[in-house]
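**Student:** One structure coming up, written as structure tokens, with questions to follow.
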Amino acid sequence: MSQTPGDGKHRAQWASSLGFILAAAGSAVGLGNIWKFPGKAYNGGGASFIIIYIIIVAVIGTTAMLAEFVIGRNTQKNAVGAFRQLNKKFSWVGGLGVFTGFLIFGYYSQVGGWVIYYIVSYIVCPGRIFADPKLFFYEMLGQNGFPWLGAIICPLIFMGLVIFVITKGVEVGIEKINKILMPSLFVLLIILTIRSVTLPGAAEGLHYLLTPDFSKLNFNTVLMALGQAFFSLSLGMGIMVTYGSYLKKEENLVKNVGLICTLDTIVALMAGFMIIPAVFATGVEPGMGGGFAFVSLAGVFEKMPGGPIFGCMFYLLLFFAALTSAISIMEGTVAYVTEEKKMSRKKATAIIGVLTFIIGIFYTLSQLYASIKGIWFDFANGVTFPAFGDFLEFLTDRLLTPLGSLTFCIFVGWVWTTKKGIAEVERDGTYTFKLKKIWSVLVKFIAPLAILTILIGGMVFGLALS
Ligand code: PFF
């Protein structure tokens, strides 16, 4: 039996190296890879965006991920406990990450619920989706009444699955499910990519993705790639601190970081090669986000031979990606509550589940109001507020996650010091960290500067970063 956090003296640990890599990759591979990356690659000039993205992941993403892992593995604690142990004054840094995860979980599980709705709908009534994709989506969101399915029943099923896995613990729950879902995700991705690139007319999309268009490369696209890399690698929320805290001391952290970042990037690239050729072949306008994944893509599946089957497979792929990411997000918060508040794992998941579910309902309701009425609140005096859902995404994806990563890097670089970080990697000479000098410079100067640029760019210039 695995030991779970907060259950006494023994702390949970990954049973195998592969289990950990798949779980961390499962966290990283999420909705961000499958519906955000292809749209950004398209808008950012195809291959030129992809080249910049890969450089950013290789240089800055790996740096920040290693910073999270060294903190977690060194302290063997949840995000808040880890920072508290290393420097009492900085426990708020971990708290910020846990808070962000709490907020993200609310809407991530709503979208996860919508994905379940679409898997079933592509089996049961694909004709209804194809007849009017927009209407079908809005009906799920509750255009004709309260969104029982979109906001309550389907998200509850999704959240129930996440809670079930979390209550089983790290080894029996999280590790096992990732060992099943991640290989399945790869198989689905390969099938769908082959289907897409073999469609008549797909060559144009392939050409677009493989030819760099440097005229589209500017400050904005670089910032977009940076923001996408941080979100996609699950950085800035202390998730990698928590997952790293379940690692055995003899694990090679640098190798694991390399593998996880590579897997995440391969999935993002494959998603690009799955979506862009298909949209070129079927003449659908490429895009990103929920509107594209739930509405526009219906046009692709409608025109594709075997469309409903491939549609169902696509949403199954999204479901696996969303589930493994949602599990990691909830685990970050649960580890904090069980360890710091000394609550049982079951009680912690129940409380967090209820609270985040309430936030989630408002997210879906606000999507409904925003998409149909264009606003969230409209007072008689003309004062309007932007959609709560958009605000939540802005707050978490553009503000809190980069802020989290920034504080983590500054903490490791300047407060705890890179010397201790390097010692944690090298484990008293068990490993040689060949790039330690470069990593020190990156974590102290380059990564914080890059993140600060995303933050300021996103806030002051209002650039499209998410
Ligand atoms: N990396 C996930 C994605 O690409 O969808 C999202 C995510 C998961 C962000 C976990 C942050 C996190 F801690």
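**Student:** When the range 19-35 is examined, which residues are found to be more than 7 Å from the ligand (Cβ to nearest atom), of a type in the set (A, V, I, L, M) and either under 11 Å from residue 243 (Cβ atoms) or open to solvent by 10 Å² or more (accessible area, probe 1.4 Å) (or both)?
**Tutor:** Kept after step one, since they are more than 7 Å from the ligand (Cβ to nearest atom), are these residues of the range 19-35: 19-26, 34-35.
Okay, now just the ones that are also of a type in the set (A, V, I, L, M), so 21-25, 34.
Scanning the range 19-35 gives 21, 22, 23, 24, 25.
**Student:** Sticking with this structure for a sec: Tally time: how many residues in the range 323-358 are more than 16 Å from the ligand (Cβ to nearest atom) and either of a type in the set (A, V, I, L, M) or in contact with a Leu (Cβ under 7 Å, 6 or more places away or on another chain) (or both)? Break it down into steps so the answer makes sense when it comes.
**Tutor:** Keep residues of the range 323-358 that are more than 16 Å from the ligand (Cβ to nearest atom), which gives 337-351, 353-355, 357-358.
Within this subset, residues satisfying the condition of being either of a type in the set (A, V, I, L, M) or in contact with a Leu (Cβ under 7 Å, 6 or more places away or on another chain) (or both) are 337, 343, 348, 350-351, 354-355, 358.
Residues in the range 323-358 being more than 16 Å from the ligand (Cβ to nearest atom) and either of a type in the set (A, V, I, L, M) or in contact with a Leu (Cβ under 7 Å, 6 or more places away or on another chain) (or both): 8 in total.
**Student:** Go through the range 136-156 residue by residue and tally those that are surrounded by 14 or more Cβ atoms within 10 Å (Cβ to Cβ) and of a type in the set (Phe, Trp, Tyr).
**Tutor:** Result for the range 136-156: 3.
**Student:** Return the residue satisfying two criteria in turn: it lies in the range 169-210 and is open to solvent by 20 Å² or more (accessible area, probe 1.4 Å) and of a type in the set (Gly, Ala, Ser), and of such residues it is nearest to residue 347 (Cα to Cα).
**Tutor:** So the residue we want is 184.
**Student:** So if I check each of 136, 214, 186, which one is over 21 Å from residue 295 (Cβ atoms) and modelled with pLDDT under 95?
**Tutor:** Testing whether each residue is over 21 Å from residue 295 (Cβ atoms) and modelled with pLDDT under 95 leaves just 214.
**Student:** Specify the residue that is least open to solvent (accessible area, probe 1.4 Å); the eligible residues are those in the range 283-301 that are under 18 Å from residue 201 (Cα atoms) and either at pLDDT below 85 or touching a strand residue (DSSP E or B) at 6+ places or on another chain (Cβ under 8 Å) (or both).
**Tutor:** Out of the qualifying residues, it is 286.
**Student:** Still on this structure, please answer the following. Just need a number here: residues in the range 95-135 that are within 16 Å of the ligand (Cβ to nearest atom) and open to solvent by 30 Å² or more (accessible area, probe 1.4 Å).
**Tutor:** Looking only at the range 95-135, we keep the residues that are within 16 Å of the ligand (Cβ to nearest atom), and these are 95-115.
Then keep just the ones that are open to solvent by 30 Å² or more (accessible area, probe 1.4 Å); that gives 96, 99, 102.
So the count comes out to 3.
**Student:** Now for a different question. Out of all the residues in the range 51-64, which are farther than 17 Å from residue 434 by Cβ and either surrounded by 22 or more Cβ atoms within 10 Å (Cβ to Cβ) or acidic (Asp, Glu) (or both)? Spell out how you get there, then give the answer.
**Tutor:** In the first step, residues of the range 51-64 are kept if they are farther than 17 Å from residue 434 by Cβ; the result is 51-57, 60-61, 64.
Correct list: 53, 57, 60, 61, 64.
**Student:** Check whether at least one residue in the range 304-322 is of a type in the set (A, V, I, L, M, F, W, C), within 16 Å of the ligand (Cβ to nearest atom) and farther than 22 Å from residue 186 by Cβ, and report yes or no.
**Tutor:** No, every residue in the range 304-322 fails to be of a type in the set (A, V, I, L, M, F, W, C), within 16 Å of the ligand (Cβ to nearest atom) and farther than 22 Å from residue 186 by Cβ.
**Student:** Then there's this: Go through the residues of the range 211-223 one by one and say whether even a single one is within 16 Å of the ligand (Cβ to nearest atom), open to solvent by less than 60 Å² (accessible area, probe 1.4 Å) and under 18 Å from the mean Cα position of the chain (by Cα).
**Tutor:** In the first step, residues of the range 211-223 are kept if they are within 16 Å of the ligand (Cβ to nearest atom); the result is none.
No, that holds for no residue.
**Student:** Residue 263 - would you say it is more than 16 Å from the ligand (Cβ to nearest atom), in contact (Cβ under 8 Å) with a residue 24 or more places away in the chain and open to solvent by 10 Å² or more (accessible area, probe 1.4 Å)?
**Tutor:** Working: more than 16 Å from the ligand (Cβ to nearest atom): no; in contact (Cβ under 8 Å) with a residue 24 or more places away in the chain: yes; open to solvent by 10 Å² or more (accessible area, probe 1.4 Å): yes.
No, not satisfied.
The values are calculated or read from the model by the stated rules, or taken from the named source; none is laboratory data. Bear in mind that the values here come from a model prediction, so they are computed numbers and not experimental data. For neighbour counting, all protein chains shown are included, and Cβ atoms are generated from backbone atoms with ideal geometry for every residue, glycine included. Please note that ligands, DNA and RNA were not included when accessible areas were found on the heavy atoms of the full protein model with its side chains. Shrake-Rupley method; radii C 1.70, N 1.55, O 1.52, S 1.80 Å.
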